[in-house]
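Rule-based calculations on the coordinates, nothing more; no lab input. Fair warning: this is a prediction, and the values are worked out from it, not measured in the lab. Glycine gets a Cβ as well: all are built from the backbone with ideal geometry, and neighbour counts include every protein chain shown.
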Amino acid sequence: MTDAGRTRQPRDASSAGSTPGEHGRVVIYNTLTRRKEEFRPLAGDTVRMYVCGVTVYDLSHAGHARSAIVFDVIRRYLAYRGYQVRFVKNFTDVDDKIIRRANEEGVPPSLVSERNIEEYHADMAAIGVAPADEEPKATEHVPRMIQLIQRLVAKGVAYAVDGDVFFEIRKFPGYGKLSGKKLEDLVAGARVEVDERKRDPLDFALWKASKPGEPAWESPWGPGRPGWHVECSAMSMQYLGETFDIHGGGEDLIFPHHENEIAQSEGATGRPFARFWIHNGLANLGAQKMSKSLGNTLTIKDLARRHDPEALRLYLLGTHYRNPLDFAEARIDEAGRALERFRALLEAADRLASRGTPAPGSDDGLLGTVGSLRERFQAAMDDDFNAPQAIAALFEMASVLHAYRDALERDERPVGPFLLGVNELLTLGHVLGLFQKPVEPAGPPREVAERIEALVRARDGARARRDWRRADALRSEIAALGAITEDTPHGTRWKWTPR
């Protein structure tokens, strides 16, 4: 990395925004209460956050990318605001779809799940989503699930029938409080598989008796495997406690998955489960939600091959997380072109920093404007993580910095304020997961940069004297060092393009 690159390393996002005890007033729309509420963690500066992960029977698609990026940004912003975030996201690595896929391929279900977990990690790395602090797998926590089911049976809110165990929803008076659904409406519109053993058609499975050819675990009710809903309750409470701060996922999980999580968790503990529920809107293709089961997906892997992954991220953040997104692949390239305005500033900062100590002088109010735009960015993110408005503040900051950079080419105003402004842009971009990869090329070694600068100044002198032969010769020397030149009314600009 060049010295120029070192001058613009961003502030650590975990401490850039504020210090512990000096957090901004972050408000979050809480699905549970259907209103925005001021967020305050249960335990001082520590935020405990659980997000439902993927069922790993196939590759992840753009809808998964959107959800992963949304909660990655929420995590990053809370850290930027000075909180210590403990983030847990699970893998569902045993379920009917995984078993079906394994049978189709003639392989063990564990092979299907492990293969797709590896692919998921590669996809997340490509789009800049940081790994969770804990990424529990359902199959590794079955004993914990059995313990939770035993508690529910002992409390009389669950019952066993022929090796299966069901949660009795009418024993939990709060059922429906997350989704707003009423039991009588659910019964009237029920489309559930008829099972005469259930006390109520809406009772849901906590434990499923084993079937031939399926993976199974021993339990007090005989061999079997856990139901889907119970795994998230067991794993979230194991890593975050019986009551924690934030539970998240796609809005398609509100009912029945998250509703059932609340019922079985609070039915077992008698305590509130998650205080804030955050749900992202779905990514749609046409009129349909993007879904692997519907066969209308665009995989992250394919999108990352065809487009700049950071452009995909910027595009997905351009719609507020709670709103649905009508996915249009052409918009990714538009986002990529917009990213170039930011990247041009990062390249300019590298180049200008290589010139050495800047001359003193007035910044024409640049840093004051950058500071005001930082406040706008923070105000947007404080208001239910409004990334589109935050991005708008970044684009305005980029415009101001571009104007100052152009002025640098015309006069002797100081370079330092420009470098500080770009550093602020970089820091805020990192909060959104942008500008994570170094700009390529990062810049030449310092001695090469100094030689290029000297040749550029000599060339400007030759052009001023209308000595075109000398100017052309100097341009050839600059090109031999790995840079290209651009003639402007304010002198020669150069860009590092090593072969």
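Key figures
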read-out	value
Thr46 long-range amide H proximity, modeled H, under 5 Å	Gln84
The chain - share of DSSP beta bridges that are antiparallel (%, nearest 5)	55 percent
Relative contact order (%) - criterion: Cα under 8 Å, at least six apart; region: segment 446-496	32 percent
Candidate values (1) -0.28; (2) -0.37; (3) -0.31, label of the one derived for log10 I(q)/I(0) by the Debye sum over Cα atoms at q = 0.06 Å⁻¹	(2)
Difference of contour (0.36 nm per residue) and Cα-Cα distance, Leu183 to Phe395	71.5 nm
Table column - 3J(HN,Hα) (Hz), segment 202-217, Karplus curve with 6.51, -1.76, 1.60, x for Gly and Pro	8, 4, 10, 7, 9, 9, 10, 4, 5, 10, x, x, 10, x, 8, 10
HN-Hα J in Hz across segment 299-315 - Karplus 6.51, -1.76, 1.60, θ = phi - 60°, x for Gly and Pro	6, 4, 4, 5, 5, 5, 6, 8, 9, 5, x, 5, 5, 4, 4, 4, 4
Nearest 10 degrees, 0 to 90: helix 96-105 Cα axis against the chain principal axis	80 degrees
Sum of -39500 (n - 2.57) over DSSP H runs of 4+, divided by residues of the chain (222 nm, nearest 500)	-14500 deg cm²/dmol
Length-normalised contact order for the chain - Cα pairs under 8 Å, 6+ apart - percent	19 percent
Neighbourhood charge, 10 Å Cβ-Cβ cut-off, centred on Thr243 and excluding it, Lys, Arg +1 and Asp, Glu -1	0
Stokes-Einstein D for segment 446-496, Kirkwood Rh over Cα pairs, 10 °C, 1.306 mPa s (µm²/s)	149 µm²/s
